[in-house]
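Peer 1: Got a structure for you, written out below as structure tokens; questions coming shortly.
The values are calculated or read from the model by the stated rules, or taken from the named source; none is laboratory data. Predicted model only: the values in this text are computed from it and were never measured. Cβ coordinates were reconstructed from backbone atoms using ideal geometry, including for glycine residues, and neighbour counts include every protein chain displayed.
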Amino acid sequence: MLLLSMLFLAACSKKDTAGSTANAENYKDVGASAKDLLTATTYTSIKIDLQYMPGYQPDMASINNLVALINLVANKPGGISVTQTPIASGGKTVYSVDDVANIEKANRTVFTTGSQVGINFIYLDGTYTTANVLGFAFRNTSMAIFTKKVVDNSGSVGKPSRTKLESTVLEHEFGHILGLVNLGSPMQTNHEDASHLNHCNNTNCLMYYQAQITDIMGPLMTGNVPTLDANCRADLLANGGK
């Protein structure tokens, strides 16, 4: 059973209490592998597999932006590799978090092994049960993006580019996997938004909750993808990042 803490639009982190003997390192709560992702003590590289449903291949500029963010904050001398894997449609227009977890279970092939952390992204061809959600992190190395929703809300007059919107979603959710905020990378200064837990209280930070609601659409028309503020960077640095 997946336990959720739901916000809106670009989503937020979910917690998974389901255990698994095989590949147990990839079946933990969001944020549980923050130190492993940030340091080179145990794992020196990261492999990201992008599993996408027909018609919804990832925007590579967004993936490049995500990789740049990871390189900025994580110590991975072995580098970050990215693969793309087509998977069959889930056959639904609306997906629940349990649907997403089952899709991953049926399709995931990249796991943490040896000196490499395995990350799995699923690009879905439908929407979430909460209509405004664009994506979420649901395990320590698992993320989902509702690509149809991203496409529908980007790339036309009055909307941000797909790259800006998709980058914002991916980077925000990966921030949760890195333990932000107060989710595995301990806070050095209290900057958690009390009204929106596991989010930063700085309105300009990537981890501010409005980076995941429709309010972000306007700023992305003229501004850049939000970045991590000093407090979030300090949390990652203290947890072994850079």
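Peer 1: With respect to residue 77, determine if the residue is within 25 Å of residue 238 (Cα to Cα) and either without any contact (Cβ under 8 Å) to a residue 60 or more places away in the chain or surrounded by fewer than 17 Cβ atoms within 10 Å (Cβ to Cβ) (or both).
Peer 2: So residue 77 fits the description; yes.
Peer 1: Taking the stretch 80-95 on its own, how many of its residues are out of contact with any helix residue (DSSP H, G or I) (no Cβ under 7 Å at 6 or more places or on another chain) and either in a strand (DSSP E or B) or buried (at least 17 other Cβ atoms within 10 Å of the Cβ) (or both)?
Peer 2: The qualifying residues number 7.
Condition check ((1) closer than 14 Å to residue 233 by Cα; (2) not hydrophobic (A, V, I, L, M, F, W, C)) across all residues:
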position: 143; (1), (2): no, no
position: 162; (1), (2): no, yes
position: 172; (1), (2): yes, yes
position: 184; (1), (2): yes, yes
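Peer 1: Here is a follow-up. Taking residue 132 as the residue in question, decide whether it is modelled with pLDDT of 95 or more and not aromatic (Phe, Trp, Tyr).
Peer 2: For residue 132, the condition - modelled with pLDDT of 95 or more and not aromatic (Phe, Trp, Tyr) - is not met.
Peer 1: Sticking with this one: If you take the residues of the stretch 9-44 that are under 27 Å from residue 238 (Cα atoms), of a type in the set (Ser, Thr, Tyr) and modelled with pLDDT under 90, which of them is surrounded by the fewest Cβ atoms within 10 Å (Cβ to Cβ)?
Peer 2: 17
Peer 1: What number of residues in the stretch 27-74 are under 19 Å from residue 185 (Cβ atoms) and either part of a loop (DSSP other than H, G, I, E, B) or not β-branched (Val, Ile, Thr) (or both)?
Peer 2: Of the residues in the stretch 27-74, 21 are under 19 Å from residue 185 (Cβ atoms) and either part of a loop (DSSP other than H, G, I, E, B) or not β-branched (Val, Ile, Thr) (or both).
Peer 1: Which condition does residue 47 not pass, out of (1) out of contact with any Phe, Trp or Tyr (no Cβ under 6 Å at 6 or more places or on another chain); (2) crowded, with 19+ Cβ neighbours inside 10 Å; (3) modelled with pLDDT under 95, if it passes all the others?
Peer 2: Failing condition for residue 47: (3).
Peer 1: Given the conditions (1) modelled with pLDDT under 90; (2) in a loop (DSSP other than H, G, I, E, B); (3) under 24 Å from residue 146 (Cβ atoms), report the number of the one that residue 203 does not fulfil.
Peer 2: The number of the failed condition is (3).
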